[in-house]
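Undergrad: Dropping a structure here in structure tokens format, bear with me for questions.
The values are calculated or read from the model by the stated rules, or taken from the named source; none is laboratory data. Here the structure is a predicted model, which is why all the values come from computation and not from measurement. Note: ideal-geometry Cβ built from the backbone for every residue, glycine included; neighbour counts use all protein chains shown.
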């Protein structure tokens, strides 16, 4: 018996066409609950994981802010589970309509309490600024940008305290170096043996080549002070104490302004002549160059300020971000990789600490040298 191929092909085609119908023939009431339950569990797990990641990132941001920003207390570390902060308070000095108010930062209780002083109430905001408030600590406006009345803050903050420590350290170190010279026939002893070559380097390789033999001595005290001041502050910033003085733009602005004032008030007439009436160029070009040169007077200290600030704060943020990868990925491999990178960057930061002090001192010497440069144009004609 012979069966035709056409009916057989037709039957196979019908069966293939009906496969989707058989596939969806199960009752929805039997499959949907299991599928819905699995989907709900998956969504819940994803939501919990997202909340946990967001919480970790929020804590990381808080730690970054603690390390990078200034504070009204010197906090070393804290036990989050026990709620204990290890550190010491600093003096708060405020000036408002009611006069000067002086009290300890411990009254703020790490920003959680309202501080009272002579019947006045103050609260510490998220931005580490102090606002006037009432006994209940009412803050108007956004939590991160309150509209409460601000006060003039002359407090001894963490950065100010660190600068005081560095100033005392420099005073005792170099006083000892000077005494060792007088006692040992101009031969350094003790720690002075380490610092003497650095002092000579600043004099012979920075001050004299850029300022000149005639005028360099009048600037040496500032150049040495600013070099060691920036260097010591940068070294303190590499410790886990949360110190970031040179990464604070107000500090770098202060150093740049002092450099600008010294340059401006010690400049000779040749310096101002090159700015307002450039010699050796046609008169129309002098008129064009004068405002550009005048603008350059202010660009130079601005560049000093931004260069030091940006380099130091970038290093801190990179190190903190690399350490944060350990907690974000929660993986042994990433932890080892992150620690290795952090160690390498930290070693580089040790070099950067001295390099930034050198660059700031070198540029300051260049500006001083241009301010006292002698006019040799007339001598060339003789």
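Undergrad: Looking at residue 155, is it outside any helix (DSSP H, G or I), within 18 Å of residue 250 (Cα to Cα) and either in contact with a helix residue (DSSP H, G or I) (Cβ under 7 Å, 6 or more places away or on another chain) or modelled with pLDDT of 90 or more (or both)? Talk me through it step by step, then tell me what you get.
TA: Numbers: outside any helix (DSSP H, G or I): yes; within 18 Å of residue 250 (Cα to Cα): yes; either in contact with a helix residue (DSSP H, G or I) (Cβ under 7 Å, 6 or more places away or on another chain) or modelled with pLDDT of 90 or more (or both): yes.
It is true that residue 155 is outside any helix (DSSP H, G or I), within 18 Å of residue 250 (Cα to Cα) and either in contact with a helix residue (DSSP H, G or I) (Cβ under 7 Å, 6 or more places away or on another chain) or modelled with pLDDT of 90 or more (or both).
Undergrad: With in contact (Cβ under 8 Å) with a residue 40 or more places away in the chain and within 26 Å of residue 214 (Cα to Cα) as the only criterion, which of 265, 232, 236, 260 stands out?
TA: 260
Undergrad: Conditions first: (1) surrounded by fewer than 17 Cβ atoms within 10 Å (Cβ to Cβ); (2) in contact with a helix residue (DSSP H, G or I) (Cβ under 8 Å, 6 or more places away or on another chain); (3) on the phi > 0 side of the Ramachandran plot. Residue 196 passes all but one, so which condition is the exception?
TA: (3)
Undergrad: If you don't mind, there's one more thing I want to ask. Please verify whether the range 119-137 includes one or more residues that are assigned to a helix (DSSP H, G or I) and over 25 Å from the mean Cα position of the chain (by Cα).
TA: Checked against the condition, which is being assigned to a helix (DSSP H, G or I) and over 25 Å from the mean Cα position of the chain (by Cα), the range 119-137 yields no hits at all.
Undergrad: Just checking, which of 352, 336 is at negative phi, modelled with pLDDT of 85 or more and loosely packed, with under 14 Cβ neighbours inside 10 Å?
TA: Of 352, 336, the one residue that is at negative phi, modelled with pLDDT of 85 or more and loosely packed, with under 14 Cβ neighbours inside 10 Å is 336.
Undergrad: Residue 261 - would you say it is farther than 28 Å from residue 230 by Cα and exposed (fewer than 12 other Cβ atoms within 10 Å of the Cβ)?
TA: On the way: farther than 28 Å from residue 230 by Cα: no; exposed (fewer than 12 other Cβ atoms within 10 Å of the Cβ): yes.
In short, no.
Undergrad: For residue 213, work out the one condition from (1) in a helix (DSSP H, G or I); (2) out of contact with any helix residue (DSSP H, G or I) (no Cβ under 7 Å at 6 or more places or on another chain); (3) closer than 25 Å to residue 262 by Cβ it doesn't fulfil.
TA: All conditions pass for residue 213, except number (1).
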